[in-house]
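**Student:** Mind looking over this structure? Questions follow.
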Amino acid sequence: MRLAVYTGASLGADPLFAEAARAFAAELARRGVGVVYGGGHVGLMGVVADAALAAGGEVIGVMPRALVDEETAHTGLSELRVVRTMHERKAEMARLADGFVALPGGLGTLEEIFEAWTWLQLGVHAKPVGFLDVSGYWTPLLEAVAAMSAAGLVHPEHRDAAVVAGDADELLARFAVWEAPRRRWAEPPDRGTAPARPAPRM
Ligand code: AMP
């Protein structure tokens, strides 16, 4: 099993971010769960990679060529895959991962976890998506999604499909029993016997 871990290319202002990232990555390694991430050695991304490697875990980095210098590609990874574009990066990470987790991060982290979340609602994949809510970092964002759901623009089933957890133990326990929601354009049960359409390919 391998998780895609999205997190900041910065360390952030709260030292708990790095502490939680370290503990999370070490726990994954201890349980034999591999990490696939953006491949950088900077910020919280670097903390995750270092901690997982130090605990004997497998860490695969996926990085667009243009970022290899800017985000200082990690040189000690189990494997570094250099791809051409951001889109290739995300597609490769999604392919390699059995689930997706956002630790505290910035706009890049948001973009990546929301893509995984929206692909889940479309049925492009059926893998769990989660947020590690360190110091309540994700709470305002998740409240915004709850407000969007209350406004009728996010289906409650898709809102609730994302796991929110405080640490690796809780997250992995919830992932273990997680079930994919119905995909957005699935036929409602009262629409009879139409065969399920294959998920769109992206
Ligand atoms: P940030 O959360 O903004 O600190 O960025 C964390 C990681 O997300 C960095 O490795 C960025 O290169 C990456 N990133 C930023 N934008 C994108 C994007 N559009 N697609 C994929 N990765 C991205």
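**Student:** Positive end of the charge dipole of the chain (Lys, Arg +1 and Asp, Glu -1 on Cβ, about the Cα centre): tell me which of Val47, Gly32, Pro64 has its Cα farthest that way.
**Tutor:** Pro64
**Student:** Right, another one. Within the chain, what's the longest stretch lacking trypsin sites (Lys or Arg not before Pro) that sit in DSSP loops with no more than 14 other Cβ atoms inside 10 Å?
**Tutor:** Working: sites that count: Arg31, Arg65, Arg84, Arg184, Arg201.
For trypsin sites (Lys or Arg not before Pro) (loop position, at most 14 other Cβ atoms within 10 Å), the longest site-free span of the chain is 85-183.
**Student:** Collect residues whose amide H, placed 1.01 Å from N in the peptide plane, falls under 5 Å from the amide H of Val163; neighbours closer than 5 in sequence don't count.
**Tutor:** Close amide H contacts, sequence-distant or interchain: Val129, Gly130, Phe131.
**Student:** Shifting gears a bit: To one decimal place, what orientation-averaged projected area in nm² is obtained for the convex hull of the Cα set of the chain?
**Tutor:** Working: hull surface 46.4 nm².
For the Cα atoms of the chain, the hull's average projected area reads 11.6 nm².
**Student:** To the nearest 20 debye, what is the magnitude of the charge dipole of segment 2-183 about its Cα centre, counting +1 on the Cβ of each Lys and Arg and -1 on the Cβ of each Asp and Glu?
**Tutor:** Numbers: 15 positive and 23 negative charges, 109 e Å.
Computed about the Cα centre, the dipole is about 520 debye.
**Student:** Relative contact order of the chain: what whole-number percent is it, with Cα pairs under 8 angstrom and at least 6 residues apart? Each step should come with its number before you reach the end.
**Tutor:** On the way: 365 pairs, mean separation 40.8, N = 202.
Contact order relative to length: 20 percent.
**Student:** Per residue and in Å³, how big is the convex hull formed by the alpha-carbon atoms of segment 1-77?
**Tutor:** On the way: hull volume 5.3 nm³, N = 77.
Value for segment 1-77: 69 Å³ per residue.
Here, each number is a calculation from the coordinates, and none is a lab measurement. Since the structure is predicted, the reported quantities are computational estimates derived from the model, not experimental observations. Every residue, glycine among them, receives a Cβ derived from its backbone with ideal geometry; neighbour counts consider all protein chains shown.
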